[in-house]
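A quick write-up on the structure given underneath.
The values are calculated or read from the model by the stated rules, or taken from the named source; none is laboratory data. All figures in this text were calculated on a predicted structure; none of them were measured in a lab. Cβ placement follows ideal geometry from the backbone for every residue including glycine, while neighbour counts extend to all protein chains displayed. The accessibility values were calculated without ligands, DNA or RNA, using every heavy atom of the protein model including side chains. Shrake-Rupley method; radii C 1.70, N 1.55, O 1.52, S 1.80 Å.
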Amino acid sequence: MGIIVAYALLSQLVVAALAFLLSVTTDSPLGAVGGAVGLVIVSNILDAVTALGSWRDFLPTHWMYAWMDALQPQIQWTGMAKGTAVSLAYAAVLFALAFRRFRTRDIVS
């Protein structure tokens with residue numbers, strides 16, 4: 001159960017990073033939430049398009065349900081490893097952009 005919870009938290013790290021970036025960029029909290037939810041919706045729609053082929057592997061939500069591999073009699077780590085790598089890569093870029101923007105933002109006024 002710990003593996004499943006840890007992977008679910010890691011797979012949602014992209015959504016949290018985008019919401020943080022949008023919250024630093026805009027003055028509207030609903031804009032940040034809407035953008036993060038929009039990312040999940042658009043990514044799931046694009047993931048359903050089979051014509052994208054291997055490009056779907058790089059979508060933030062493609063590996064979201066790889067935690068189900070932990071419920072198999074023999075745990076399959078490949079999907080969770082790919083999902084973790086994609087999530088951490090996107091999250092690192094988005095958090096870096098957010099912190100860069102946050103350092104230059106005037107938070108006093």
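Structure notes:
- Residue tally, condition open to solvent by less than 60 Å² (accessible area, probe 1.4 Å) and over 16 Å from TYR90 (Cα atoms), over segment 22-37: 7
- Summed over segment 62-91, the residues that are open to solvent by less than 70 Å² (accessible area, probe 1.4 Å) and free of Cβ contacts under 8 Å to residues at least 24 places away in the same chain give a count of 5.
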